[in-house]
1. Scan the range 62-73 and report the pairs whose first residue is assigned to a helix (DSSP H, G or I) and whose second residue is surrounded by 10 or more Cβ atoms within 10 Å (Cβ to Cβ), with Cβ atoms within less than 6 Å and a gap of 6+ or a chain change.
2. Cβ-Cβ distance below 9 Å, separation of 6 or more or different chains: which pairs start in the range 17-28 with a residue that is under 16 Å from residue 74 (Cβ atoms) and end on one that is of a type in the set (A, V, I, L, M, F, W, C) and not in a helix (DSSP H, G or I)?
3. So if I check each of 70, 63, 6, which one is surrounded by fewer than 11 Cβ atoms within 10 Å (Cβ to Cβ) and at pLDDT 75 or above?
4. Residues being of a type outside the set (S, T, N, Q) and in a helix (DSSP H, G or I): count how many of those fall in the range 14-51.
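The values are calculated or read from the model by the stated rules, or taken from the named source; none is laboratory data. Remember, predicted model here, so these are calculated numbers, not experimental data. We place every Cβ from the backbone using ideal geometry, glycine too, and count neighbours over all the protein chains shown.
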Amino acid sequence: MVLQLEYYMRDKVTIKIPRELYHRLREMTAGTGFSSVTEFITFVLRNLASGGDIKGEDKLTEEEVKAVRERLRRLGYL
């Protein structure tokens, strides 16, 4: 078990964010299906990285726009 944990830990890194931001994200993600702030941040960063270029123009499909709107509605922004 220790070897598995060590391998798991070598596969991860720590990213530091302001504590205030962490608490805000925790509030935002409550009841949304994300099990933790880390899971939410990973989701957001994977989506951003999947585009391959931050400078590129975003082109969302209609389905993606609906998913974003639904998530924002559940978070209380819409």
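1. Listed pairs, sorted by first residue: 72/78.
2. From residues that are under 16 Å from residue 74 (Cβ atoms), the pairs are 25/17; 28/75.
3. Working: 70 fails: surrounded by fewer than 11 Cβ atoms within 10 Å (Cβ to Cβ); 6 fails: at pLDDT 75 or above.
One residue alone meets the criteria, 63.
4. Going through the range 14-51, the residues of a type outside the set (S, T, N, Q) turn out to be 15-28, 30-31, 33-34, 37, 39-41, 43-46, 48-49, 51.
Going one step further and asking which of them are in a helix (DSSP H, G or I), we end up with 19-28, 37, 39-41, 43-46, 48-49.
Result for the range 14-51: 20.
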